[in-house]
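Contents: one structure, followed by commentary.
The values are calculated or read from the model by the stated rules, or taken from the named source; none is laboratory data. Predicted model, so just to flag it, every value in this text is computed and none were measured. As a convention, Cβ positions derive from the backbone with ideal geometry for all residues, glycine included, and neighbour counts pool all protein chains shown.
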Amino acid sequence: MKKFLSLFCLYFLLSCSQTTSLNDKEAVTLSDQQLQQIIITYQQFYQQSSPFNDPEEGGNNGKLPNLAPEFLAKQNKKLQKIYKALINIDVDELNADNQINSAVLIYTLKNQLDSYSNKEHYMPLTAESGFHVWIANISQQVNLKSEQDYRDYLSKLRALPHYFSQQTAWMNIGIAAGITQPKIVLKGFEQSILAFIKEDVTDSGYYKPFKEMSAFISPEAQKSIQKEAKNIIAKQVMPTYQKYYDFMVNRYKQHARDNIAATSLPNGKSYYQNRVQHYTTIDITAEQVHQKGLSEVKRIRAEMDEIIKQVKFDGDFKAFIDFLRNDPQFYAKTPVGLLKEASYIAKKMDAKLPSLFKTLPRTPYGVVEVPANIAPKYTTGRYSGPARDDQAGNYWVNTYRLDRRPLYVLPALTLHEAVPGHHLQGSIAQEMKNVPKFRNRIYISAFGEGWGLYSEYLGIEAGIYETPYQDFGRLTYEMWRACRLVVDTGMHAQDWSRQQAIDYLASNTALSLHNVQTEIDRYISWPGQALSYKIGELTIKRLRKSAEQALGETFDLRDFHDQILKHGSMPLSMLEKVINQYIADEKAKIKVKTKS
């Protein structure tokens with residue numbers, strides 16, 4: 001899974017566009033031409049909206065995003081103009097490629113406009129993380145080769161105090177407006193800030209780029225830059241984090257809201273429904289999602305009960321869950337042991353990929369620990385994509401509290417976060433040719449997380465689940481995602497308490513109680529995102545079944561998977577059109593062969 005909450009994150013991770021080369025066989029309509037012009041306009045907008053989008057050595061490459069109220073308001077007006085022109089295009093007149101371009105761009109722009117009107121920049125943090133963590137990734141986003149590159153990076157470090165002050169100014173406005181995170185999810189949050197404060201500045205992640213500098217820089221220049229870096233980090237960066245720590249402890253947490261529901265926010269009911277539709281990409285209500293979740297929980301529970309019978313366990317469901325949570329056989333003894341097991345599963349799946357896919361990416365991935373500064377309140381694992389083409393992707397595994405990281409769920413987690421899940425899906429998207437650049441980097445949660453959950457299911461066909469316990473782990477992960485439909489809508493739309501949600505998730509899954517609590521806090525602080533997984537997976541499974549039934553013995557699973565992934569991330573409504581067209585094209589081929 002991935003997360004983007006603040007305007008900074010949107011500007012930081014979305015790339016600019018380039019025009020699409022149209023199929024020569026297709027007539028270029030006026031609508032196609034209009035869309036191409038809008039894409040060019042959008043490219044220009046993003047190039048000037050953030051220094052991360054179009055860095056100039058010695059220029060804006062030394063700057064951080066501008067979060068000033070007047071700048072954000074101006075950006076919003078520009079975006080409204082682009083969006084209005086975009087939605088006025090006749091989609092039916094666009095060729096197939098441009099229909100996807102249009103759908104993805106509409107989705108992207110609408111969310112940015114909604115995020116601004118929903119005032120999400122008042123809350124640049126979740127229970128897991130915040131802007132103070134996201135901005136620390138700048139050392140990974142820049143390619144440090146020349147002396148100027150390093151001096152630009154120093155300029156970024158000097159800009160951190162102002163950037164933090166802009167963020168906390170918005171958080172103060174949020175306090176006054178009643179738009180804050182709930183108190184309950186901020187317990188211990190300040191530790192993630194404290195983790196950045198180092199007595200020895202060379203231990204800071206911000207100093208890491210200076211430890212092994214480019215060989216193209218003279219030793220004298222290196223010493224000078226290193227000295228300056230130490231001075232900036234000691235006198236500006238560390239005090240900035242200390243100031244934010246004090247702000248969090250002495251002000252923000254004290255004035256955070258008591259009610260956990262998104263509907264308790266100003267215009268909360270419409271806000272939550274907006275998030276439901278954004279994260280599912282379909283027209284569905286919170287109540288419909290809730291009922292779908294209850295139905296899935298019932299179905300999956302029956303499958304879990306069958307496995308308990310299979311292993312001849314002497315006890316009920318609760319007793320079996322307690323057994324899984326507490327028996328030492330299900331836990332790694334060292335962080336390295338857990339990482340090695342994850343790596344083994346990942347490598348085993350690598351060998352199965354050619355049997356399931358025709359197209360595989362060139363980008364590799366590694367298996368690494370979740371950074372220690374965020375691990376205590378972080379989820380079990382996550383995929384972190386490369387920032388540049390000279391980097392690999394990383395499958396993050398949380399090694400904090402090993403007695404809460406069961407091995408029986410590790411196969412499902414690995415398939416979801418690494419391959420054939422997020423790494424495969426994201427890398428294929430990044431390597432697409434002849435598409436606007438925003439298509440290479442955009443991440444639509446219902447598509448990406450739906451694919452991640454479907455990837456767990458593919459582990460059955462790939463033979464990855466070797467024991468009933470591992471298969472139970474797969475089911476507990478699927479149940480986890482089904483429960484999300486229930487608890488997210490329950491807390492945000494049906495007045496469920498945090499404890500009620502914890503009890504529901506704990507009683508229906510084999511997740512450790514530590515994971516249950518961190519997950520519930522994540523859903524509270526990130527309304528709607530948890531709905532993406534099951535809605536997306538159910539859609540992909542339904543489309544696969546439709547293709548299997550329509551194509552019969554000619555159905556090619558490898559080709560079907562390529563059709564799902566080859567266009568990159570898109571709204572589920574657009575994905576359905578793509579697969580329906582694929583089915584129609586394949587049936588036409590069968591008809592031609594039959595006649596011949």
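Tallying residues that are in contact (Cβ under 8 Å) with a residue 60 or more places away in the chain and under 25 Å from residue 539 (Cα atoms) within region 495-508 yields 1.
Inspect all residues belonging to region 431-444 and state whether any of them is farther than 18 Å from residue 567 by Cα, part of a helix (DSSP H, G or I) and either touching a Gly at 6+ places or on another chain (Cβ under 8 Å) or not assigned by TED's automatic domain parsing to the domain that holds residue 44 (or both).
Of all residues in region 431-444, those farther than 18 Å from residue 567 by Cα come to none.
Checked against the condition, which is being farther than 18 Å from residue 567 by Cα, part of a helix (DSSP H, G or I) and either touching a Gly at 6+ places or on another chain (Cβ under 8 Å) or not assigned by TED's automatic domain parsing to the domain that holds residue 44 (or both), region 431-444 yields no hits at all.
The residue that is surrounded by the fewest Cβ atoms within 10 Å (Cβ to Cβ), counting only those in region 225-260 that are under 27 Å from the mean Cα position of the chain (by Cα) and in a helix (DSSP H, G or I), is 253.
Residue pairs whose Cβ atoms lie under 6 Å apart, separated by 6 or more positions or on different chains, with the first residue in region 385-405 and of a type in the set (Ser, Thr, Tyr) and the second part of a loop (DSSP other than H, G, I, E, B), are 395/418.
Tally the residues that are outside any helix (DSSP H, G or I) and either touching a Gly at 6+ places or on another chain (Cβ under 7 Å) or not hydrophobic (A, V, I, L, M, F, W, C) (or both), restricting the search to region 280-299.
Residues of region 280-299 outside any helix (DSSP H, G or I): 281-285.
With either touching a Gly at 6+ places or on another chain (Cβ under 7 Å) or not hydrophobic (A, V, I, L, M, F, W, C) (or both) added as a condition, the list becomes 281, 283, 285.
Residues flagged as outside any helix (DSSP H, G or I) and either touching a Gly at 6+ places or on another chain (Cβ under 7 Å) or not hydrophobic (A, V, I, L, M, F, W, C) (or both) within region 280-299 amount to 3.
Residue-by-condition table, conditions (1) closer than 18 Å to residue 381 by Cβ; (2) surrounded by fewer than 22 Cβ atoms within 10 Å (Cβ to Cβ):
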site: 456; (1), (2): yes, no
site: 463; (1), (2): no, yes
site: 467; (1), (2): no, yes
site: 489; (1), (2): no, no
site: 498; (1), (2): no, yes
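Being within 29 Å of residue 520 (Cβ to Cβ), touching a strand residue (DSSP E or B) at 6+ places or on another chain (Cβ under 7 Å) and of a type in the set (A, V, I, L, M, F, W, C) is a condition met by no residue of region 185-196. Within region 385-395, can one find any residue that is small (Gly, Ala, Ser) and outside any loop (DSSP other than H, G, I, E, B)? Yes, there is a match, as at least one residue in region 385-395 is small (Gly, Ala, Ser) and outside any loop (DSSP other than H, G, I, E, B).
Looking across region 300-335, the residues that are of a type in the set (A, V, I, L, M, F, W, C) and outside any helix (DSSP H, G or I) come down to 311, 313, 332.
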